[in-house]
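Reading through the C-alpha cells given below for one structure.
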C-alpha cells in the first residue's frame with residue numbers, strides 16, 4: 001500500500017488500548033539515510049481551554065493498522081515532543 005502525506009493527514013489516530021481519539025497526523029519523522037518513516041506526529045491541546053499545544057510522537061513500530069479512515073496505534077511507548085514544535 002502506498003499513501004501520500006496528504007492522505008495520512010485525513011486519518012484519525014486511535015489508541016488501541018483505550019479507544020481514545022488522539023487527533024490527526026500532522027507530521028512525520030523520516031530517517032534521512034534510508035528514507036524510512038520513523039514516527040508519526042499528532043498534535044494535542046495541553047489542557048481544557050488552553051491555547052498551548054503539545055505533540056505526541058508515536059514510533060512507526062507502534063502502528064498496528066492503517067485503515068481507510070483511521071490509524072490504530074499502541075501508545076504504550078510514545079513520547080512528547082516540544083510544545084509547538086511542528087504542528
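The values are calculated or read from the model by the stated rules, or taken from the named source; none is laboratory data. None of the values given here were measured: they were computed from a predicted structure. As a convention, Cβ positions derive from the backbone with ideal geometry for all residues, glycine included, and neighbour counts pool all protein chains shown.
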| request: May I ask you to list pairs of residues, at least six apart or on different chains, whose Cβ atoms are under 7 Å apart, with the first in segment 9-28 being touching a residue at least 24 places away in the same chain (Cβ under 8 Å) and the second being part of a loop (DSSP other than H, G, I, E, B) and crowded, with 19+ Cβ neighbours inside 10 Å? | output: 11/25; 13/25
| request: Return the residue satisfying two criteria in turn: it lies in segment 6-24 and is in a strand (DSSP E or B) and under 10 Å from the mean Cα position of the chain (by Cα), and of such residues it is surrounded by the most Cβ atoms within 10 Å (Cβ to Cβ). | output: 13
| said: Just to verify a result, which residue in segment 37-53, among those that are surrounded by fewer than 18 Cβ atoms within 10 Å (Cβ to Cβ) and assigned to a strand (DSSP E or B), is modelled with the highest pLDDT? | reply: 38
